[in-house]
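The values are calculated or read from the model by the stated rules, or taken from the named source; none is laboratory data. Here the structure is a predicted model, which is why all the values come from computation and not from measurement. No Cβ is skipped: glycine too gets one built from the backbone with ideal geometry, and neighbour counts run over all protein chains shown.
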Amino acid sequence: MVAATLEQKVWANTGSIIYPNIYTFLVGNPGLGKSRAIMSASNIVREALPETYWGATSMTKAALSDYMNEAKRFIANIPHPPIEYNSLVAVADEFSAFMSEYDSALVASLVEFYDVNPYSEGRRVSNIRIKIPRPQLNILSGSTPSNLIHTLKDYVWEQGLMSRVLMVYASERPVIDVFNTPPMPKPVNLIHDIKIISTLIGEFRFTPDFAKAMHNWKLLGQPPIPDHPKLTHYNTRRWAHLLKLTMIASVDRTNDLILEVEDFNRAMGWLLQSEKQMPLIFQTGSIAPDSRVMDEVVHFVRNHKGPVDEHLIINFMRERTSSMSVRPMLDTLIGSRMIICNHINRQGMRQFTAP
């Protein structure tokens, strides 16, 4: 939300202009508080800056273009030249609501708006022409691992969108005694800070130590590099991600628009903390339907009174999967020792228990 507040009013020049807009996905299983975190953060900006341009929760490419076209800003910036741009914020507590199925046209627009590339669109039916010189988008969304993996097939991770996304994964939420926790007061200080941050305008400068830290990290190969295959293309943008995060850390710390080593260190902490958990998204979200059936079988056997006859297990599986999958699945359960044959009855039927 700090990035969304900054829009295109501040930037860093590293040979090309980089703005601090970011795409952030909070990823975790249902009930972890993703929606609450997203709504709490966005409500601070809604309270502080009612003039912010918000996109719809669910958008087609055409709708996104229309919202972006309406999100015009003009800043007089006296005595400097005026600043004109379009900047939009998209908030969706469920990514599946934002994009229920992979939409290549919408994704192409998301890539263009992240990079703040000039955008134009023509619609033959309505004879509408849209031309936006400097469109910019910030996204804050939530998703379960399974929904994310289902929507974004394997080949999508080799394309441009997900290399531009920072994924923050959590598997557990803190246990809070809601009956002994006082109601949260309105975050007056945060609202005040967002208002101040929104007034900042100009190019970031940087100290020699900051420049040295960024360059040295690049020379070293940007360690530690995430090694999951789906993050290969994400790795190519880590330096840009870090620079964007340092700008956010800087305006959170002070109004002087100077990047310092402490901003580098703080941003690096954010980046590495999120990257450490990213591979768990694919591990959790890629569980095949067969695996879920096998988990049910183990639960069935474990909660049965005494050893379970093989025919009971087969009938249990037959009701949950195709008949062709039953025998290979049973062999997998036995081979992985998820269930164990420890007895054969008088009819020669195997009996199983679950450890």
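A few remarks follow.
- Selection of the range 38-57 for residues being surrounded by fewer than 19 Cβ atoms within 10 Å (Cβ to Cβ) and under 12 Å from GLU94 (Cα atoms) yields MET39, THR57.
For every residue, the table says whether it meets (1) surrounded by fewer than 21 Cβ atoms within 10 Å (Cβ to Cβ); (2) under 18 Å from the mean Cα position of the chain (by Cα); (3) over 25 Å from ALA240 (Cβ atoms); (4) without any contact (Cβ under 8 Å) to a residue 12 or more places away in the chain.
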residue: ILE78; (1), (2), (3), (4): yes, no, yes, yes
residue: PRO81; (1), (2), (3), (4): yes, no, yes, yes
residue: SER96; (1), (2), (3), (4): yes, yes, yes, no
residue: ASN117; (1), (2), (3), (4): yes, no, no, no
residue: ASN127; (1), (2), (3), (4): yes, no, yes, yes
residue: LYS131; (1), (2), (3), (4): yes, no, yes, no
residue: LEU137; (1), (2), (3), (4): no, yes, no, no
residue: ARG164; (1), (2), (3), (4): yes, yes, no, no
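- Selection within the range 299-355: residues that are assigned to a helix (DSSP H, G or I) and polar (S, T, N, Q). The member of this set that is surrounded by the fewest Cβ atoms within 10 Å (Cβ to Cβ) is SER323.
- Residues that are over 19 Å from ALA90 (Cα atoms) and in contact with a Phe, Trp or Tyr (Cβ under 7 Å, 6 or more places away or on another chain), drawn from the range 150-183: LYS153, VAL156
- Condition met for ALA249 (on the phi < 0 side of the Ramachandran plot, of a type in the set (Gly, Ala, Ser) and touching a helix residue (DSSP H, G or I) at 6+ places or on another chain (Cβ under 8 Å)): yes
- Any hit, the range 63-73, residues being outside any strand (DSSP E or B), surrounded by 14 or more Cβ atoms within 10 Å (Cβ to Cβ) and of a type in the set (Gly, Ala, Ser): yes
- Of all residues in the range 148-173 being of a type in the set (S, T, N, Q) and closer than 24 Å to TRP270 by Cβ, the one that is modelled with the highest pLDDT: SER163
- Meets criteria (hydroxyl-bearing (Ser, Thr, Tyr), under 26 Å from ILE149 (Cα atoms) and in a helix (DSSP H, G or I)) for THR284: yes
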